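Just below is one structure, and these are the notes that go with it.
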Amino acid sequence: MRTQDLVATAISNTFRSKLRTTLTVLAIFVGAFTLTLTNAVGAGVSQYVDAQVGALGSPDVFIVTQASQAASADDGPVEYDPNGSAMVSSNQGPPGTTTQALTDADLTTISDTAGIESVDPVRSVQPDYIENGAESGTQYEFSINATSAVTTADLTAGAQLDGGSSEAELVLPDTFVTPLGFDSAEDAVGASVTIGITDILGEKHTVDATVVGVSLESLLAAGAGANDALIAELAEAQSGGIDTAVTSYGVAIAHFDDTLSAEQITALKADLAAAGYTASTIEDQLGAVQTVITGIVGVLNAFAVIALIAAAFGIINTLLMSVQERTREIGLMKAMGMSGGKVYTLFSLEAIVIGFLGSAIGAGVAIGLGSILSNVLADGLLSGLPGLNILLFEPASVAFVILLVMLIAFLSGTLPAQRAAKQNPIESLRYE
Amino acid sequence: MSADLVIDARDLEKSYGSGSSRFDALKGVSLQIAAGETVAIVGKSGSGKSTLMHLLALLDEPDTGTVQVAGKEAKALSRREINELRNKEFGFVFQQFFLTPNVSVLDNVILPLKIAGIRGKQRRTRGLEVLNQLELADKADKKATTLSGGQKQRVVIGRALVNNPRVIFADEPTGNLDTATGAVVEDILFDLNREQGITLVIVTHDEDLAARCDRQIYIRDGLIVPGGAVHSTDHSTDHSTDHTTDHVGTHTGAHNPTHAAAHTGAHSGTAHPGADATGPTASTTPASTTSVGDAS
């Protein structure tokens with residue numbers, strides 16, 4: 001029997017007992033539908049997290065702080081050092097935890113560490129408001145993301161910040177576009193805005209900047225993006241012309257060679273830890289979030305697979321009944337010279353056809369319903385998370401689900417197919 | 001001599017089971033069938049006639065003895081070659097039709113060609129040719145389940161015929177049909193023999209059908225017996241196993257093989273004298289071609 005005839009025969013045999021096939025296909029449908037949806041949730045959420053990671057920073061940066069003081073709590077009071085004892089609030093440890101600030105000497109030490117290419121201190125500035133430079137309308141409260149110089153914004157219009165530019169550049173969150181009187185994100189690009197800031201003596205200053213891009217609001221990095229030139233200008237305005245004795249920074253950003261392997265990055269972190277600094281990559285900071293998401297998706301997938309295993313027993317049952325029913329037919333085909341191997345192939349193909357039907361319909365319905373659901377959620381429940389596409393159907397993962405179900409179906413078909421292949425034509429054709 | 005033989009079986013023995021439940025179905029049967037011949041294998045239930053047909057058709061292997069098909073020794077052939085031989089050289093007609101329901105008549109007929117791996121277009125052409133020959137061309141696209149009994153058996157013959165076989169094995173080909181349609185089916189089979197030279201091997205209870213064949217092989221208790229020896233007992237079994245006639249409960253009990261064996265065993269002693277008298281009525285039997293098992 002030719003392969004195409006085997007396939008055609010298997011397909012037509014599948015539809016011979018319509019009710020039975022339909023019920024088995026339904027069982028597989030449930031599993032495939034669930035698996036497609038859970039995969040899509042996993043893909044959608046991790047794509048969103050990836051975008052957020054991009055907003056937080058490049059993959060080749062460390063966020064470096066002094067090692068936390070909390071660890072040395074039992075060691076008694078630490079001796080005062082006039083050169084390096086400024087404390088800054090730390091985001092490591094419980095709220096209110098402080099950590100020693102990084103000084104210029106620290107920055108030199110860090111940049112001298114083998115593998116680190118450059119170190120930039122993160123200077124935080126606290127602007128008061130932003131207003132449209134041209135129209136001088138309403139002033140809005142405004143903040144700047146201190147690490148925006150090294151991050152990649154999730155842009156809806158315009159371009160990324162140019163770190164090397166001497167012009168003051170700004171990436172505006174898209175929620176500011178309409179309030180500031182711009183018609184659209186594209187309209188905002190190239191416009192001039194005025195940022196107000198109060199110096200340490202209480203005097204108010206304004207700084208002008210050009211909008212180069214508009215970004216989606218990010219879950220993990222709030223505020224507008226500013227390039228080095230704008231930050232420097234704002235920092236100068238904020239300091240009120242007074243040069244503080246010790247320049248200190250809470251956080252520094254260290255670039256490392258992006259060709260380093262994961263092990264080398266770990267080694268580099270250990271080197272910095274030995275020197276008394278805590279270095280973490282963006283991935284480290286988001287690791288916990290991603291682990292939780294992966295865990296949840298994994299559990300959901302496990303449920304879907306359990307449904308598929310239950311469906312597999314349905315396939316076994318259906319095919320065993322089919323073999324029983326078609327004993328005569330199998331015997332006849334064998335009497336007519338069909339080999340056991342071909343009979344085996346025929347029944348395996350029938351199992352695969354059932355699996356394909358269930359999974360293709362399941363995946364198709366999941367994509368259809370999921371796309372509608374995703375749109376409804378994006379406009380409703382999840383509208384606070386712009387850019388989040390909760391269900392992302394990747395062709396590769398949908399194809400994977402279909403192939404997986406077909407594999408499960410094939411394995412379920414093994415037992416019935418073997419039984420059919422072993423049938424003795426004489427026994428099958430006996431009619432006393 | 002052997003070149004003209006389609007089937008040359010020697011000293012076939014076959015038994016089922018072991019120990020006390022051992023049953024010797026064949027106890028040494030030799031049989032030569034020449035090309036173009038029509039042979040009837042006649043015997044009661046449990047006589048071993050079906051087993052003999054299965055061995056001749058290479059559906060089963062004998063415990064001892066050899067079967068040659070068209071000069072080829074079956075034992076020397078691989079399983080694949082045997083499958084191919086059955087597919088190309090043999091056609092099968094059974095008492096029950098074994099048609100695939102919900103599949104068209106044409107698809108049923110071309111099943112052996114499909115198994116042989118012949119392409120769709122060629123299959124269709126040949127299938128229609130055969131259906132034309134059997135005057136079923138107008139039913140080609142009908143479902144097999146919509147046909148009458150006689151039409152179904154004609155489809156079965158078409159299926160046996162479609163691969164241009166050398167031999168058609170027919171196991172009770174008219175057992176499920178009324179006399180009139182049975183006669184039509186018989187005519188078709190004998191026409192095929194006459195016009196296309198296809199060898200017929202017919203297993204039957206039916207004396208009239210057996211009488212139409214060139215040669216009758218009578219099988220009793222696993223051995224070939226001289227012509228006509230089981231004739232009258234055959235009548236009694238004919239009644240007890242006739243599916244088309246209504247029976248009272250006691251009679252249908254004879255379907256049980258052991259019961260039937262006891263039943264016929266009691267008859268065989270008394271039947272012999274009468275059998276000799278009816279023997280000559282099988283006038284078509286050419287004594288020269290009848291081969292009796294020499295192992296006995």
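The values are calculated or read from the model by the stated rules, or taken from the named source; none is laboratory data. Model, not experiment: these values are computed from the prediction. Don't worry about glycine lacking a Cβ; one is built from the backbone with ideal geometry, like all the others, and counts go over all protein chains shown.
Could you count how many residues in the range A:318-338 are in contact (Cβ under 8 Å) with a residue 40 or more places away in the chain and away from every other protein chain (no Cβ under 14 Å)?
Total meeting the criteria: 5.
Filter the range B:135-149 down to the residues that are of a type in the set (D, E, K, R), more than 13 Å from chain A (Cβ to nearest Cβ) and surrounded by fewer than 18 Cβ atoms within 10 Å (Cβ to Cβ) and list them by number. Don't jump to the end; show me each part of the working.
The first filter runs over the range B:135-149 and keeps only residues of a type in the set (D, E, K, R), leaving B:135, B:138-139, B:141-143.
Next, from what is left, pick out any that are more than 13 Å from chain A (Cβ to nearest Cβ): B:135, B:138-139, B:141-142.
Listed by number, the residues that qualify are B:GLU135, B:ASP138, B:ASP141, B:LYS142.
Quick one: is A:LEU411 among the aliphatic types (A, V, I, L, M), touching a residue at least 40 places away in the same chain (Cβ under 8 Å), away from chain B (no Cβ under 14 Å) and out of contact with any strand residue (DSSP E or B) (no Cβ under 9 Å at 6 or more places or on another chain)? Working first, answer last.
On the way: among the aliphatic types (A, V, I, L, M): yes; touching a residue at least 40 places away in the same chain (Cβ under 8 Å): yes; away from chain B (no Cβ under 14 Å): yes; out of contact with any strand residue (DSSP E or B) (no Cβ under 9 Å at 6 or more places or on another chain): yes.
The answer is yes for A:LEU411.
What is the number of the single condition among (1) more than 12 Å from chain A (Cβ to nearest Cβ); (2) more than 23 Å from B:PHE190 (Cβ to Cβ); (3) touching a Gly at 6+ places or on another chain (Cβ under 8 Å) that B:THR66 does not meet?
In the conditions (1) more than 12 Å from chain A (Cβ to nearest Cβ); (2) more than 23 Å from B:PHE190 (Cβ to Cβ); (3) touching a Gly at 6+ places or on another chain (Cβ under 8 Å), B:THR66 misses (3) alone.
Mind checking which residues of the range B:89-117 are more than 9 Å from every other protein chain (Cβ to nearest Cβ), touching a Gly at 6+ places or on another chain (Cβ under 9 Å) and not in a helix (DSSP H, G or I)?
Answer for the range B:89-117, where residues must be more than 9 Å from every other protein chain (Cβ to nearest Cβ), touching a Gly at 6+ places or on another chain (Cβ under 9 Å) and not in a helix (DSSP H, G or I): B:PHE97, B:ILE110.
Touching a residue at least 60 places away in the same chain (Cβ under 8 Å), within 14 Å of chain B (Cβ to nearest Cβ), in contact with a helix residue (DSSP H, G or I) (Cβ under 9 Å, 6 or more places away or on another chain) and not aliphatic (A, V, I, L, M): does that describe A:GLY341? Show your work before the answer.
On the way: touching a residue at least 60 places away in the same chain (Cβ under 8 Å): yes; within 14 Å of chain B (Cβ to nearest Cβ): yes; in contact with a helix residue (DSSP H, G or I) (Cβ under 9 Å, 6 or more places away or on another chain): yes; not aliphatic (A, V, I, L, M): yes.
Taking the combined requirement at face value, the residue satisfies it.
Given the criteria in contact with a strand residue (DSSP E or B) (Cβ under 7 Å, 6 or more places away or on another chain) and either away from chain A (no Cβ under 14 Å) or farther than 27 Å from B:ALA70 by Cα (or both), does B:LYS152 qualify?
Details: in contact with a strand residue (DSSP E or B) (Cβ under 7 Å, 6 or more places away or on another chain): no; either away from chain A (no Cβ under 14 Å) or farther than 27 Å from B:ALA70 by Cα (or both): yes.
No; evaluated as a whole, the condition is false for this residue.
Kindly list, by first and then second residue, each pair from a residue in the range B:118-134 that is within 14 Å of another protein chain (Cβ to nearest Cβ) to a residue that is assigned to a loop (DSSP other than H, G, I, E, B) and at pLDDT 90 or above, limited to pairs with Cβ atoms under 8 Å and residues at least 6 apart or on different chains.
B:ARG123/B:ILE110; B:ARG124/B:ILE110; B:GLY127/B:ILE110; B:GLY127/B:VAL162
Is it fair to say A:LYS269 is surrounded by 15 or more Cβ atoms within 10 Å (Cβ to Cβ) and not assigned by TED's automatic domain parsing to the domain that holds A:LEU23? Even if it seems obvious, please write down each step before you answer.
Numbers: surrounded by 15 or more Cβ atoms within 10 Å (Cβ to Cβ): yes; not assigned by TED's automatic domain parsing to the domain that holds A:LEU23: yes.
For A:LYS269, the condition - surrounded by 15 or more Cβ atoms within 10 Å (Cβ to Cβ) and not assigned by TED's automatic domain parsing to the domain that holds A:LEU23 - is met.
Given A:LEU385, A:LEU391, which one is more than 18 Å from A:VAL25 (Cα to Cα), touching a Gly at 6+ places or on another chain (Cβ under 6 Å) and part of a loop (DSSP other than H, G, I, E, B)? Spell out the reasoning first.
Numbers: A:LEU385 fails: touching a Gly at 6+ places or on another chain (Cβ under 6 Å).
Selected residue: A:LEU391, the only one of A:LEU385, A:LEU391 that is more than 18 Å from A:VAL25 (Cα to Cα), touching a Gly at 6+ places or on another chain (Cβ under 6 Å) and part of a loop (DSSP other than H, G, I, E, B).
Cβ-Cβ below 6 Å, separation at least six or inter-chain, first residue in the range A:109-137 and within 22 Å of A:THR198 (Cβ to Cβ), second of a type outside the set (Ser, Thr, Tyr) and part of a helix (DSSP H, G or I): which pairs?
Filtered contacts from the range A:109-137: A:ARG123/A:ILE231; A:ARG123/A:ALA235; A:VAL125/A:LEU234; A:VAL125/A:ALA235; A:VAL125/A:GLN238.
Give just the number: which of (1) more than 18 Å from the chain's Cα centre (by Cα); (2) surrounded by 19 or more Cβ atoms within 10 Å (Cβ to Cβ); (3) at pLDDT 90 or above does B:GLU81 not satisfy?
Just one mismatch for B:GLU81, condition (2).
Run A:ALA288 past the list (1) in contact with a Leu (Cβ under 7 Å, 6 or more places away or on another chain); (2) more than 14 Å from every other protein chain (Cβ to nearest Cβ) and report the number of the one that doesn't hold.
(1)
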